[in-house]
Amino acid sequence: MDSSNRMGDIEITDPQAMRALAHPVRLAILDHLRRNGPATATQLAPDVGATPSVTSWHLRHLASFGLVRDSEPGPDRRQRRWEAVARGFRFEEPRDPADGEGRSAARELSRQMFLRYADVPGRWAAEVEPGLDPAWRGPAGLAYTRVMVSAEELAAIQDEMERVLAPYVTRDPADRPAASRGVRLMRYVLPEGDGEQTLPGGDGEQAPADGGGEQVPSAGNGAQASADGGGAVASPGGTGVRASAEGGGAETGGERGEERAGRPS
């Protein structure tokens, strides 16, 4: 498998497909299908915030770009069931400055992904973390690190992180430990703008040249929050993005969405 796509995601290059996916309901549909498996429009509707007829229309639109497809019929063969084509997706913002359509479509999809997942950490901290056993709270939490690197070094860091995650994302469900559960790993990779060389907070404090970091433990040693070998990463004007589930990056197996300087991975 291509080392740049270790997760086996579907790669989106068509600007029209990016725009088709850059919609809250359609992103919600893909998240649900990756996390919970095949479903009908009626089953999806309550979760995605649309009526069954509107949900059905969005499903057909996604299918026209090869992002979802018909699944095996369920008990009621009159109900059309849908499934995600892949465990995740990724896209890259074109580097050609003349490709205005592609760059605009990629940025809009990236923006929608940021908006969709922006409140996930807060909801997790308020609704999920208090009920977790200490064994799970220990390695959970937030890790915030600022580093001084070149673009090439940042790409290498991203590649190494994906190399580590890939075996957990792609392994067969039968090989997962009995006590395993979904974990969201959310990676925000945010290069600073020109001249923005102070730490966030606006206090003018200069960041150390060798980087700095902060960990916010969740009743434990501190770490990151994620779901089943998946996560969401977006880097504005980025290189790419991926979203996935069930071992690939959704909440069930692994939900993920990534974008890099062309990618969140």
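A few points about this structure:
- Screening the candidates L67, L44 for the property of being among the aliphatic types (A, V, I, L, M), modelled with pLDDT under 95 and out of contact with any Asp or Glu (no Cβ under 9 Å at 6 or more places or on another chain) yields one hit, L67.
- Among the residues of segment 72-102, those identified as at pLDDT 90 or above and either open to solvent by less than 80 Å² (accessible area, probe 1.4 Å) or on the phi > 0 side of the Ramachandran plot (or both) are R81, W82, E83, A84, V85, D99, G100, G102.
- Conditions (1) open to solvent by less than 50 Å² (accessible area, probe 1.4 Å); (2) part of a helix (DSSP H, G or I); (3) touching a strand residue (DSSP E or B) at 6+ places or on another chain (Cβ under 8 Å): number failed by A105: (3)
- Condition broken by A174, with the remaining ones in (1) of a type in the set (G, A, S); (2) open to solvent by 80 Å² or more (accessible area, probe 1.4 Å); (3) not in a helix (DSSP H, G or I) satisfied: (3)
- Within segment 115-126, the residues that satisfy the criterion of being closer than 21 Å to A20 by Cα and either in a loop (DSSP other than H, G, I, E, B) or open to solvent by 50 Å² or more (accessible area, probe 1.4 Å) (or both) are L115, R116, A118.
The values are calculated or read from the model by the stated rules, or taken from the named source; none is laboratory data. All of these numbers come straight from a predicted model, not from anything done at the bench. Using ideal geometry, Cβ is built from the backbone for each residue, glycine included, and neighbour counts are taken over all protein chains shown. When the accessible area is computed, the model is the full protein with side chains, heavy atoms only, and any ligands, DNA or RNA have been set aside. Shrake-Rupley method; radii C 1.70, N 1.55, O 1.52, S 1.80 Å.
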